[in-house]
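Bear in mind that the values in this text are calculations on the coordinates, not laboratory data. Treat the numbers as computed from the prediction; the structure is a model and nothing was measured. Backbone-built Cβ (ideal geometry, glycine too); neighbour counts: all protein chains shown.
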Amino acid sequence: MKFYIETYGCQMNIYDSEIICSILLKSGFIKTSNLKKADIILLNTCAIREKPEKKIFNRFLKIRCLKQTNKQIKIGILGCLATHYKKQTLEKINFIDLIVGPDSYNQLPKMINNLKKEQNKKEIDVSLANQEKYTKIIPIGVRTSISAFISIMRGCDNMCTFCIVPFSRGREKSRNPNSILKECKILYKKGYKEIILLGQNVDSYFFKQIKFFKLLELIAITVPLMRIRFLTSYPSNISKNLLEIVNKHSNICKHFHIPLQSGSTRILSLMRRKYTVEEFLLIIKMIKQIIPDCSISSDLMTGFCTETQEDHRETIRIMNIIKFNFSYMFKYSSRQGTYAYRKLKDDVPNILKIRRLNEILMLQKSHSFYRLKENIGKIQNVLIEGISKKDDKYYYGRNYKNDIIVFPKTKSKIGSYNRVQILNATFTTLIGERILSEI
Ligand code: SAM
C-alpha cells in the first residue's frame, strides 16, 4: 500500500512526518512522492494561526477531487488540526477518512489497515498522552542529509492566552535522555553533521533531575564532531548555567531563538507571558555578556487584543534596542479554545494588524542587514549544506550563528566545514570566499 505525505507548519511537524514515515515504512507501507499514485494521502497539519489553516483546508478541497476518479483512495488529517477540531468538526467532513493527533502515530498502520477492511469507515484517535510516545522510533530523514531534527520535548505548560499548543499538542513531556543520545549517535554514524534539538520550550526540558543545560552538555560530549542547534527557548527559562555550557562547547551553535511577542509589558501580561520587557532586556544583556558574538532571533506578533498604537511603538522601540538577527512575525489571529478567544476582545482591526505587521517586517529587514554586516571581514567555520539555488557555481552553508553564507564552489564536499572569509552581505545572505583547507 502506498502512502503520500505533505507537511505544514513548524520544524516539529517536519520531525513528526519523519516519525510517521518511519512507522509506516516499518509496517510495510511504501512511500510515494506522487499524489496520484497513493492509496492513502496524509496531511500533517498546523493549527497555530488562521492563515496556514485556511491553506490546508483549501488543499483538502483539491485533494478531495481525486476521490471522484478513485473511490478507494483514503485521505487522512494528522497533527495539530486533528486535535484542534477533534471529532465534532472533522468527523462531519465526509471525504476525510482518518483523523490522528500528534500522540497517536503509532496507531497509524493499524488504523489504515482497518480503513481498507471496511468501506465508509472512519478511524479517529486524537487522544493526548502524558509521556513521549516515540522514544524507540528513529525518524527517517525527509529534510537534508546534513542536518537532522531531534525532538527532545513535546507540548507546552505555559498557557499563553493566544496559543493553542497546550490544547493541540498537550502538556509538556520530556524525552528520556538515553534515547536522545542514542539517536544522536545513530545520526552521526549515518553521516549527519548537524542536529537541531526541538521543543516548544527546549529550556524547560526536565527528565529525572536532568535539566536542558545538562542534556546539551551530554550531547556536545557524545557527538563532538556534530554541530548542535536548539529551538525554541522560553525567555525566562534561560539560565546562566545554560549560557555557560553554550559558550564552553565549540560544537554548540551560538544562537538563541527567544520569542519576545510584544514590546509592551501590558500586552505581555495580557498574553500571560512570564516576563516583563525590562526582564527580557536583562536576559539579552546576560546572553551578550557571556556569549558576546551570539545571534538572537525572535517571534513577534502584531494586533493582539487591545494593542494600542502606543503598545506597537513600544515593540518598535524594543526592536531598535535589541536588533534581532532575524524574527518570525505574525499578525494575531484568534484561535478557538484559547483563553483570548473566550475572554478577550479581538478588537484591533485587521487593516491595522497588517499595517503594524508591515512596519515591523521592514524594521526587522534593516536589523537583519545590520547584524549580517557585523560579520564582514571575519573568518568563520561554514558547514556546506548544498549548492546555491541561485547560482550553481556557489555553495551555501551556515556559520555557527545560523547565518546563511554563499561562496564560490571549491573541491570541498557538501557536509564539510570550511574556513570562509566574509566579504559582503545582502539583506539575507553573507557572501564569502574559502581561505584555507578543509577543517
Ligand atoms: N513556544 C513558543 C513561545 O515561546 O511562545 C511558541 C511557539 S508557537 C508554535 C510559534 C509562534 O507562533 C509564537 O511564538 C507566536 O509568535 C506565533 N503564534 C502563536 N499563536 C498565534 C496566534 N494565535 N496568532 C498569531 N501568531 C501566533
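Things to note:
- Taken over the alpha carbons of segment 112-243 as equal point scatterers, the Debye sum produces base-10 log I(q)/I(0) values at 0.14 Å⁻¹ of -0.70.
- Computed over segment 275-427, the Cα gyration tensor eigenvalues convert (square root of 5λ each) into semi-axes of 37, 18, 14 Å, ordered from largest to smallest.
- Lysines with Cα under 18 Å of residue 67, excluding same-chain neighbours fewer than 8 positions away: 2, 36, 37, 92, 116, 117, 121, 122
- Ordering of 117-127, 179-189, 62-72 by packing is 179-189, 117-127, 62-72, highest average first (other Cβ atoms within 10 Å, averaged per residue).
- When only the Cβ of Lys, Arg, Asp and Glu is charged (+1, +1, -1, -1), the dipole of segment 176-319 relative to its Cα centre reaches about 680 debye.
- Leading residue at positive end of dipole, the chain (Cβ point charges), from 268, 318, 375: 375
- Taking 0.36 nm per residue of separation and subtracting the Cα-Cα distance, full extension of the segment from residue 248 to residue 11 would add 82.7 nm.
- From largest to smallest, the equivalent ellipsoid semi-axes obtained for the chain from the alpha-carbon gyration tensor read 35, 29, 22 Å.
- Estimated 222 nm signal from helices in the chain, with DSSP H stretches of n ≥ 4 weighted -39500 (n - 2.57), rounded to 500: -11000 deg cm²/dmol
- Residue pairs exceeding 18 angstrom between C-alpha atoms, taken from 31/74; 136/182; 55/345; 26/136; 214/240; 378/413: 55/345; 378/413.
- Set of aspartates and glutamates near residue 185 by C-alpha distance (under 13 Å), chain-local residues within fewer than 8 positions excluded: 194
- A Förster radius of 60 Å combined with the Cβ-Cβ distance from residue 428 to residue 336 puts the calculated FRET efficiency at roughly 0.95.
- Sequence-distant aspartates and glutamates (8 or more away, or on other chains) whose Cα lies within less than 17 Å of residue 54: 6
- Residue-count net charge about residue 23 - beta-carbon cut-off 12 Å; Lys, Arg +1, Asp, Glu -1: +3
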